[in-house]
Amino acid sequence: MTRTAADPVGTARAAFGEGPVWDAATGSLLWVDITGGAVLRTTPGDGTTHRIPLGGEVPAVFPTTAGTLLAARDNTLLEIAGTATPREIAGVPARPRMRFNDGAVDPRGRLLIGTMHADKAPGTAALYRLGTDHVLKEVIPGATVSNGIGWSPDGRMLYYVDSPTLRIDCFAYDPDDGVLSDRSVLADVSDSAGRPDGLTTDAEGGVWVAMIGGGELRRYRPDGRLDRVVPLPVTHPTSLAFGGTALDELFVTSALDPVPMPERRDQPLAGRLLRLEPGVPGLPASAVRLR
């Protein structure tokens, strides 16, 4: 079944919702409120949302193989275990107005996470890979707004968004050592009114991207052809993730902050978590292997 009308899940609203990740172990969706400085966990069945305030800016969260959470706050990665004080795992060098941004976990449990400068200064950001030694290694230098990341079903192709390029790039990916090579362009998205933001892939190899400012989702085939455009009731979708027991639901985060005040009355769902049924299942999300 394909139902592309997007419905809200629960009542939680984020100033800048981002980073949805399906946590199969708990049957819930993890996401964040970046400028609200919090991790959110939503149970889709009844829509209840639990909020974990961390302060600062919180752009990403991931489940770990140890049953804890790994969250990015500003330029630091924190492990969250119940009510204990979050433990610092790693961080990028403290530079004014530079913070972590979007990330994803490869099929072997490696975290790849990027950075961005608040002023989007060209070439100042990067994509990093976190090792089990808790060392961050730069794998894509010279980015501006490191954003969406996803893998092909066989794990041998990595898709990547540096938002200002208005492209989805792809790399050959070695699943044994996490090395990237042979960068090329999968798709040029400059015909949209928005910019490419979060990204995910489905079981058929389709590449989905949220077009922030464009009010739509796009699905590209593995050969780069545009397959589908899904309009949304919000202008600023930020990211998306497959979830549900059969991974056949697509959850979409959205932002309220960038919506001009005069337009907010016409966008009552801005900042809300949305759900639709795209007619194709997604791929299982991996947990971060920290040790």
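Here, each number is a calculation from the coordinates, and none is a lab measurement. Since this is a predicted model, take the numbers as computed values, not measurements. Positions of Cβ are backbone-derived with ideal geometry, glycine not excepted, and every protein chain shown enters the neighbour counts.
Selection of segment 111-151 for residues being small (Gly, Ala, Ser) and either closer than 14 Å to Gly91 by Cα or surrounded by 14 or more Cβ atoms within 10 Å (Cβ to Cβ) (or both) yields Gly114, Ala125, Ala126, Gly131, Ala143, Ser146, Gly148, Gly150.
I'd like to know if segment 102-113 contains one or more residues that are in contact (Cβ under 8 Å) with a residue 24 or more places away in the chain and basic (Lys, Arg). Yes: segment 102-113 contains one or more residues that are in contact (Cβ under 8 Å) with a residue 24 or more places away in the chain and basic (Lys, Arg).
Does segment 140-153 contain at least one residue that is farther than 21 Å from Asp74 by Cα and more than 18 Å from the chain's Cα centre (by Cα)?
Taking segment 140-153 as the starting set, the residues that turn out to be farther than 21 Å from Asp74 by Cα are 150-153.
Checking which are more than 18 Å from the chain's Cα centre (by Cα) leaves us with none.
No, there is no match, as no residue in segment 140-153 is farther than 21 Å from Asp74 by Cα and more than 18 Å from the chain's Cα centre (by Cα).
Based on what the data block shows, is Leu269 more than 23 Å from Thr65 (Cα to Cα), in contact (Cβ under 8 Å) with a residue 12 or more places away in the chain and surrounded by 21 or more Cβ atoms within 10 Å (Cβ to Cβ)? The answer is no for Leu269. Of the residues making up segment 29-47, those that are out of contact with any Phe, Trp or Tyr (no Cβ under 9 Å at 6 or more places or on another chain) and closer than 21 Å to Leu276 by Cα are Thr43, Gly45, Asp46, Gly47. Within the set Ala14, Ala6, Ala38, the sole residue that is under 21 Å from Glu79 (Cβ atoms) and surrounded by 19 or more Cβ atoms within 10 Å (Cβ to Cβ) turns out to be Ala38. Residues in segment 255-291 that are assigned to a strand (DSSP E or B) and touching a His at 6+ places or on another chain (Cβ under 6 Å): Ala255 only.
For segment 153-176, check the following and say yes or no: at least one residue is among the small types (Gly, Ala, Ser), out of contact with any Phe, Trp or Tyr (no Cβ under 9 Å at 6 or more places or on another chain), more than 24 Å from Gly279 (Cα to Cα) and not in a strand (DSSP E or B). For segment 153-176, residues among the small types (Gly, Ala, Ser), out of contact with any Phe, Trp or Tyr (no Cβ under 9 Å at 6 or more places or on another chain), more than 24 Å from Gly279 (Cα to Cα) and not in a strand (DSSP E or B): present.
Apart from one condition, Leu54 fits all of (1) within 21 Å of Gly243 (Cα to Cα); (2) over 17 Å from the mean Cα position of the chain (by Cα); the exception is (1). Residues that are out of contact with any Pro (no Cβ under 9 Å at 6 or more places or on another chain) and more than 27 Å from Leu247 (Cβ to Cβ) occur at least once in segment 191-202. Among the residues of segment 161-170, those identified as surrounded by fewer than 21 Cβ atoms within 10 Å (Cβ to Cβ) and not basic (Lys, Arg) are Pro164, Thr165, Leu166, Asp169. Taking each residue of segment 80-93 that is of a type in the set (A, V, I, L, M) and looking for partners that are surrounded by fewer than 16 Cβ atoms within 10 Å (Cβ to Cβ) with beta-carbon atoms closer than 6 Å, six or more apart or interchain, yields Ile89/His134; Ala90/His134.
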